[in-house]
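Q: Pasting in a structure now, in structure tokens, and then I'll have a few things to ask.
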Amino acid sequence: MTNVQHDTDDRSIAQLEEEGDIAADYIEELLDICDLDGDIDIDARNGRAYVSVNAGEGANLNLLSKPDTVSALQELTRLAVQTKTGAFSRLILDIGGSRDVRRNELASLVIRAVERIEAGATEAALPPMSSYERKLVHDLVSEHGFHSESRGEGAERHTVITRGA
């Protein structure tokens, strides 16, 4: 069996697929309660289960795809998975392409921060964000040839960008 590894979290593909199945059942029940249509896709990559909800033309996932709502639903879904498996889940939930929208927003933040540094600032701090979003930012910063590190604790943890070391 192939294992997907990420830092201290070792999860097999089978475990990630189980997480995805539990999460999909949970989200499907939510969609039924809300009387919304959606197709659910499950993927396992980078040591995480990814659950995506997409809908065809005319379906209304707009309310559920707002960033704060997706974050809240992701936490509830993680709790549902943890209740069934007994293990902490790091699954990622995407509703109606919300993760791509957020990645584009983060890319814009990184570009503006890099421009400030190129204009003479020694560093540029971004607002606090989740560990998943900080990871995306670190990758984006690296693509621009700059350095980034996370600073702060808990809800105040944020990314600071500087010129390469």
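The values are calculated or read from the model by the stated rules, or taken from the named source; none is laboratory data. Quantities reported herein were computed from a predicted structural model and do not represent experimental measurements. All Cβ positions, even for glycine, are placed from backbone atoms using ideal geometry, and neighbour counts span all protein chains on display.
Q: For residues that are among the hydrophobic types (A, V, I, L, M, F, W, C) and over 13 Å from LEU106 (Cα atoms), scanning just the range 124-159, find the one that is modelled with the lowest pLDDT. Please lay out each step first, then the result.
A: Applying the first criterion (among the hydrophobic types (A, V, I, L, M, F, W, C)) to the range 124-159 yields 124-126, 129, 136-137, 140-141, 146, 155.
Imposing the further condition that a residue be over 13 Å from LEU106 (Cα atoms) reduces the set to 124, 146, 155.
Numbers: ALA124: 97, PHE146: 96, ALA155: 88.
Ranking the qualifying residues of the range 124-159, first place goes to ALA155.
Q: May I ask you to verify whether ARG11 is within 30 Å of GLY145 (Cα to Cα), crowded, with 20+ Cβ neighbours inside 10 Å and modelled with pLDDT under 90? Before the answer, list the steps.
A: Details: within 30 Å of GLY145 (Cα to Cα): no; crowded, with 20+ Cβ neighbours inside 10 Å: yes; modelled with pLDDT under 90: yes.
When the stated conditions are applied, ARG11 does not pass them.
Q: For SER108, only one of the following conditions fails: (1) out of contact with any helix residue (DSSP H, G or I) (no Cβ under 9 Å at 6 or more places or on another chain); (2) modelled with pLDDT under 95. What is its number?
A: (2)
Q: If you don't mind, another one. Could you please find all residues in the range 106-128 being of a type outside the set (S, T, N, Q), closer than 27 Å to GLU75 by Cβ and either assigned to a helix (DSSP H, G or I) or within 19 Å of the chain's Cα centre (by Cα) (or both)? Even if it seems obvious, please write down each step before you answer.
A: Taking the range 106-128 and keeping what is of a type outside the set (S, T, N, Q), we get 106-107, 109-121, 123-128.
Next, from what is left, pick out any that are closer than 27 Å to GLU75 by Cβ: 106-107, 109-110, 125-128.
Across the range 106-128, the qualifying residues are LEU106, ALA107, LEU109, VAL110, LEU126, PRO127, PRO128.
Q: So which residues in the range 74-119 are crowded, with 19+ Cβ neighbours inside 10 Å and of a type in the set (Ser, Thr, Tyr)?
A: Across the range 74-119, the qualifying residues are THR77, SER89, SER98.
Q: In addition: Which members of the range 71-105 meet the condition of being over 20 Å from MET129 (Cβ atoms), part of a helix (DSSP H, G or I), without any contact (Cβ under 8 Å) to a residue 24 or more places away in the chain and not β-branched (Val, Ile, Thr)?
A: Selection gives LEU79, GLN82.
Q: While we're looking at this one, here's another question. Quick check on my filter: what residues within the range 129-165 are surrounded by fewer than 16 Cβ atoms within 10 Å (Cβ to Cβ) and assigned to a loop (DSSP other than H, G, I, E, B)?
A: Of everything in the range 129-165, those that are surrounded by fewer than 16 Cβ atoms within 10 Å (Cβ to Cβ) and assigned to a loop (DSSP other than H, G, I, E, B) turn out to be SER130, GLY145, GLY152, GLU153, ARG157, GLY164, ALA165.
Q: Mind checking which residues of the range 39-69 are at positive phi and surrounded by 12 or more Cβ atoms within 10 Å (Cβ to Cβ)? Talk me through it step by step, then tell me what you get.
A: Looking only at the range 39-69, we keep the residues that are at positive phi, and these are 46-47, 58.
Within the range 39-69, ASN46, GLY47 qualify.
Q: Go through ALA125, ALA113 for me and flag whichever is more than 18 Å from TYR50 (Cβ to Cβ), in contact with a Leu (Cβ under 9 Å, 6 or more places away or on another chain) and not basic (Lys, Arg).
A: Answer to the selection: ALA113.
Q: Right, something else. Is it true that ASP68 is over 18 Å from the mean Cα position of the chain (by Cα) and not in a strand (DSSP E or B)?
A: On the way: over 18 Å from the mean Cα position of the chain (by Cα): no; not in a strand (DSSP E or B): yes.
The answer is no for ASP68.
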